[in-house]
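J.: Below you'll find the structure I mean.
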Amino acid sequence: MTTAPATTVPTPTATAPAAAAPAATAPQARAGDGASQPAVRVRGVRREFAGREVLAGIDLDIAAGEFVALLGRSGSGKSTLLRILAGLDSDATGQATVPERDAVVFQDPRLLPWARVLDNVQLGLRHRDARARATAALAEVGLGGRERAWPATLSGGEAQRAALARALVRSPGLLLLDEPFGALDALTRIRMHSLLRDLCRRHRPAVLLVTHDVDEAILLADRVAVLTDGRLSLDEPVRLGGARHRADPTFTALRARLLTELGVVDDEASEGDGHQAEYC
Amino acid sequence: MTSLALGSRGGADDVGAAPGSTAPTATAAASTATAPTASASASAAAAAPATGGPGSVTLALADPDRPPRRPVPKSLRRLLGPALLVAIWQVGSSTGWIREDVLAGPWTVLHTGYSLAADGTLGDNLVISLRRVALGLALGVTVALVLALVSGLFQLGEDLVDAPVQILRAVPILGLVPLAIVWFGIGEEVKVFLVALGTAFPVYINTFAAIRGVDGRFVELAHTVRLGRLGLIRRVVLPGALPGFLVGLRFALTISWLILVVSEQINASSGIGYLMDQARTFGQTDIIVVGLAVYGILGLLSDALVRLLERRTLVWRRGLEAR
Ligand SMILES: Nc1ncnc2c1ncn2[C@@H]1O[C@H](COP(=O)(O)OP(=O)(O)OP(=O)(O)O)[C@@H](O)[C@H]1O
Ligand SMILES: [Mg+2]
């Protein structure tokens, strides 16, 4: 695996005015190349809002090609961490090194309504073959033929797939996903899961998936982390093979552990197979 | 687990239900089954009363056998009032109830309009008026757009531009006529200047607000796809602000005609307004009404033009309807 040139964001301790000047406040420096260096390296990242500390020192490494799922209760700061890694938060402090090429899929599809689907997918691309790549990416997510559609005419799942295509077409070194399937129905979600698994296997980006859904995390990730009270209270690999089943004892055990970590009383796990049907 | 008890159609206490109504009635009462098994909820549903409970209501729906009414087209109905008005006007003029020196009759007006058009007077003056509006609009809209971009995109721009504009906006444009005459004399410049000034304000205000109203989430997106400042403006800010700009443009067109009318009637030697003012000195009410009609038609046409522009440029909004 060749290491992509990385961007270090040593976020300043000084309070920068929250002006609409993107990337102007964070001085960016190239990190030296190193074959053993992880794609993402986060050290002591802190963020507070109005005196309330939401992130209280996060340490996190993500290897190139590794898929990490981040779990946490609502309001625990998952999105905050993801936004910091996406370079959207200039007020955080600490150290974060991320690949130069990253891509974000937000919780909402966030397609520009005034641009056709294809133009949304190739937004900001400067390659000469951007058009062809975007067309290919759309085909990959099953939206071939919808290039000239307006975003308003897409269904929720289609729009989210277009957003996924927009992220993939950048061949990112880091893919940041903020509950990308939260608004989808269970069926579409299952289809999106296998789509995402396939795409990640093929493109091999480092992935950080923020989710509420414990099953989703175990099904997709190589590693799961839980954010509690501003720190990663749990961070461990998922020791399951390629084909994962909810009935697998390792699955259920990990699921129970994660739910406990999240402070949920796990009375659904005992239902066993019956639970699988109403998975969402 | 909750099961809903559904009543049968047509309860015994149906009053005023349309014959042939097929709406099933839903009772508001929901029984809560405590047993979590599926069979329990099924038996609960089976045990539900066969008739609507006391809380049920039957909806009065249309009778499918009733022949559909053929409505008069709306556009036709809308013409009724104006047609009646013109008829009264014509009758009043013919009977001498409305004197010719107060208001010429519709037939006279049509006749005068035709002869003015035939000898070229109307066309020549119309071209002059149109030219004034076009020049004023082009100037006003351009300046307003540039100012709106400067103050919408840059904080410093807002500080420097927005406050003065907001203050100037409080001055009625037509109050500036004497000063404008001092500056530009009574030639073409003064009319173009006044139209430009009058149209600049609505365009500026609406465009500025639209730029500031562009969804911040799209600005974030632009950052994550590395659009850069120019790309952000071109791909996000401008298209996002376009609907607001078009609203401003529509206001501007209305105002441009208003200002033209006044400035042409105050000091001019050509144009529709001049034609009307000259007619006033000779008491030719027919020519005045012809001028009014021309202004009205121009106003309608320019509004239609902006609406066409909206349809063309905002297709993405109608995406769903277009299919
Ligand atoms: N811009 C902001 N200003 C003030 N407080 C904020 C801001 N952004 C986030 N917060 C607060 O920080 C906390 C963490 O927010 P965050 O969006 O990261 O939560 P989350 O873990 O993503 O939750 P969810 O799962 O519901 O999306 C919340 O309590 C939120 O109110
Ligand atoms: Mg969130």
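The values are calculated or read from the model by the stated rules, or taken from the named source; none is laboratory data. Predicted model only: the values in this text are computed from it and were never measured. Virtual Cβ from ideal backbone geometry, glycine too; neighbours counted across all protein chains shown. The protein model used for the area step is the full one, side chains on, heavy atoms only, and it has no ligands, DNA or RNA in it. Shrake-Rupley method; radii C 1.70, N 1.55, O 1.52, S 1.80 Å.
J.: Quick check on my filter: what residues within region B:147-171 are of a type in the set (Val, Ile, Thr) and more than 19 Å from B:SER256 (Cα to Cα)?
T.: B:VAL150, B:VAL161, B:ILE167
J.: Another question, then. For A:ALA149, which of the numbered conditions (1) within 16 Å of ligand 2 (Cβ to nearest atom); (2) open to solvent by less than 10 Å² (accessible area, probe 1.4 Å) fails to hold?
T.: So A:ALA149 meets the others, but not (1).
J.: If we keep just the residues of region B:268-304 that are on the phi < 0 side of the Ramachandran plot, surrounded by 17 or more Cβ atoms within 10 Å (Cβ to Cβ) and outside any helix (DSSP H, G or I), which is modelled with the highest pLDDT?
T.: Restricting to residues being on the phi < 0 side of the Ramachandran plot, surrounded by 17 or more Cβ atoms within 10 Å (Cβ to Cβ) and outside any helix (DSSP H, G or I), the top hit is B:GLN284.
J.: Now for a different question. Working carefully through the options B:VAL225, B:VAL294, B:VAL236, find the one that is within 14 Å of chain A (Cβ to nearest Cβ) and out of contact with any Leu (no Cβ under 6 Å at 6 or more places or on another chain).
T.: B:VAL236
J.: Does A:GLU100 meet the test of being more than 16 Å from ligand 2 (Cβ to nearest atom), within 14 Å of chain B (Cβ to nearest Cβ) and not small (Gly, Ala, Ser)?
T.: Yes; evaluated as a whole, the condition is true for this residue.
J.: Pick out, from region B:56-171, the helices (runs of 4 or more DSSP H) lying fully within it that include 1 or more residues that are closer than 29 Å to B:ASN206 by Cα.
T.: B:121-153, B:163-169
J.: Still on this structure, I have one more. Among the listed residues A:SER233, A:SER194, A:SER155, identify the single one that is among the polar types (S, T, N, Q), within 21 Å of A:VAL117 (Cα to Cα) and either surrounded by fewer than 21 Cβ atoms within 10 Å (Cβ to Cβ) or more than 16 Å from ligand 2 (Cβ to nearest atom) (or both).
T.: A:SER155
J.: Quickly run through region A:41-60 and pick out the residues that are part of a strand (DSSP E or B) and not aliphatic (A, V, I, L, M).
T.: Residues satisfying the conditions are A:ARG41, A:ARG43, A:GLY44, A:ARG46, A:ARG47, A:GLU48, A:PHE49, A:ARG52, A:GLU53, A:GLY57, A:ASP59.
J.: Just one of the numbered conditions (1) open to solvent by 30 Å² or more (accessible area, probe 1.4 Å); (2) modelled with pLDDT of 90 or more is not true of B:ALA200; which one?
T.: (1)
J.: Consider region A:73-95. How many of its residues are closer than 12 Å to A:LEU176 by Cβ and either open to solvent by 40 Å² or more (accessible area, probe 1.4 Å) or away from ligand 1 (no atom under 11 Å from the Cβ) (or both)?
T.: Residues meeting the conditions: 5.
J.: Can you pull out the residues in region A:44-67 that are within 30 Å of A:GLY241 (Cα to Cα) and away from ligand 2 (no atom under 16 Å from the Cβ)? Can you show your working first?
T.: Taking region A:44-67 as the starting set, the residues that turn out to be within 30 Å of A:GLY241 (Cα to Cα) are A:58-67.
Result: A:ASP59, A:LEU60, A:ASP61, A:ILE62, A:ALA63, A:ALA64, A:GLY65, A:GLU66, A:PHE67.
J.: List every residue pair whose Cβ atoms lie under 8 Å apart, where the two residues are 6 or more positions apart in sequence or sit on different chains, the first residue falls within region A:187-205 and is of a type in the set (Val, Ile, Thr), and the second residue, located anywhere, is assigned to a helix (DSSP H, G or I).
T.: Once the first residue is of a type in the set (Val, Ile, Thr) and sits in region A:187-205, its partners that are assigned to a helix (DSSP H, G or I) give A:THR188/A:GLY156; A:THR188/A:GLY157.
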